[in-house]
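**Q** Below you will find the structure I want to go over with you.
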């Protein structure tokens, strides 16, 4: 494995999904990591990454002290706000910082050394890497650690069905009727084949949906987690122990992580999806990685794990950059 020198900055906003992708990629590069959570004020927040003039002064004093020399060897950003600052690092570091932006930055990708944009973004360019799903840390070691964190899950009745709940977003209602139908179908299948349900809500799951699911599934063996009141988040362990995963259709990150486990992944879609999300669903279905909720599905030939391959490509590109003679 190529050895890199220097420090890696991870630049994100407060969104957990953006942080998870950027940190997952950074951790595979075997460099010291400094995580900068940068949140500029308006109008820079509105126009990122297009409006660069004065962007350093759009940050709080604490954030300005973080976004300052010495510049890192590599900077990895995820999300539109971070794209403003990874874009600025190329000229500010005189090209010495290798800049990586995850997700479509909505401007010409040549402003970065590498852009990592999923295939459903339909972004193309000589420096664009196009994984099928989102980046994440899940591999065999991660899953083994997750199982060891909650060994008592082994005693839950099988099949152990993990249920990952998202929430409404633009173009996807996931309304009261949807959650009622999902609960009814989960109950119907559990009564037919036994097993347990390990249900996890997310920050985006409406409290009313949590109440419905908790009430409908109260008699089923397993667990229900919707926040700190239910104890520590068992998300990794649910993925580690699941024989099957059911995921609401709204989240590329949740679906990607479920597909990284290696067990069958099912979803319930009751209405048309936004075009980009539909392309992602279709790609997963075509690859035999995603099935309807009532399907009897076999595990895929291999888990969807793309982060290490992306990191290997970056490592080669960064090492080649480091071997180039300095022009300063």
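**Q** Before we move on, is residue 81 at pLDDT below 95 and not assigned by TED's automatic domain parsing to the domain that holds residue 276?
**A** The answer is yes for residue 81.
**Q** Can we say residue 89 is over 22 Å from the mean Cα position of the chain (by Cα) and in a helix (DSSP H, G or I)?
**A** Working: over 22 Å from the mean Cα position of the chain (by Cα): yes; in a helix (DSSP H, G or I): yes.
In short, yes.
**Q** Please indicate, with yes or no, whether at least one residue in the stretch 243-261 is assigned to a helix (DSSP H, G or I), surrounded by fewer than 21 Cβ atoms within 10 Å (Cβ to Cβ) and in contact with a strand residue (DSSP E or B) (Cβ under 7 Å, 6 or more places away or on another chain).
**A** Within the stretch 243-261, none of the residues are assigned to a helix (DSSP H, G or I), surrounded by fewer than 21 Cβ atoms within 10 Å (Cβ to Cβ) and in contact with a strand residue (DSSP E or B) (Cβ under 7 Å, 6 or more places away or on another chain).
**Q** Which number in (1) farther than 25 Å from residue 6 by Cβ; (2) free of Cβ contacts under 8 Å to residues at least 60 places away in the same chain; (3) assigned to a helix (DSSP H, G or I); (4) outside the structural domain of residue 222 (by TED's automatic domain parsing) marks the one condition that residue 152 misses?
**A** That leaves (4) as the condition not met.
**Q** Could I ask something else about it? Conditions: (1) crowded, with 17+ Cβ neighbours inside 10 Å; (2) touching a strand residue (DSSP E or B) at 6+ places or on another chain (Cβ under 8 Å); (3) at negative phi. Residue 103 meets all but one. Number of the miss?
**A** For residue 103, the failing item is (3).
**Q** Tell me yes or no: at least one residue of the stretch 50-59 is more than 18 Å from residue 104 (Cβ to Cβ), surrounded by fewer than 23 Cβ atoms within 10 Å (Cβ to Cβ) and touching a residue at least 40 places away in the same chain (Cβ under 8 Å).
**A** no
**Q** Quick one: residue 236 ticks every box in (1) in contact with a strand residue (DSSP E or B) (Cβ under 9 Å, 6 or more places away or on another chain); (2) assigned to a helix (DSSP H, G or I); (3) within 25 Å of residue 137 (Cα to Cα) bar one, so which box is it?
**A** Status for residue 236: all satisfied but (1).
**Q** Determine which single condition residue 147 fails, assuming it passes every other condition in (1) in the same structural domain as residue 30 (by TED's automatic domain parsing); (2) part of a helix (DSSP H, G or I); (3) in contact (Cβ under 8 Å) with a residue 12 or more places away in the chain.
**A** In the conditions (1) in the same structural domain as residue 30 (by TED's automatic domain parsing); (2) part of a helix (DSSP H, G or I); (3) in contact (Cβ under 8 Å) with a residue 12 or more places away in the chain, residue 147 misses (1) alone.
**Q** For the stretch 191-198, check the following and say yes or no: at least one residue is surrounded by fewer than 15 Cβ atoms within 10 Å (Cβ to Cβ) and either in a loop (DSSP other than H, G, I, E, B) or touching a helix residue (DSSP H, G or I) at 6+ places or on another chain (Cβ under 9 Å) (or both).
**A** yes
**Q** To continue, here is another question. Report, by residue number, each residue of the stretch 211-222 that is in contact (Cβ under 8 Å) with a residue 24 or more places away in the chain and in a helix (DSSP H, G or I). Walk me through it before giving the result.
**A** Of the residues in the stretch 211-222, the ones in contact (Cβ under 8 Å) with a residue 24 or more places away in the chain are 212-213, 216-217, 220-222.
212, 213, 216, listed by residue number.
The values are calculated or read from the model by the stated rules, or taken from the named source; none is laboratory data. This structure is a prediction, so every number in the text was calculated from the model and none was measured. As a convention, Cβ positions derive from the backbone with ideal geometry for all residues, glycine included, and neighbour counts pool all protein chains shown.
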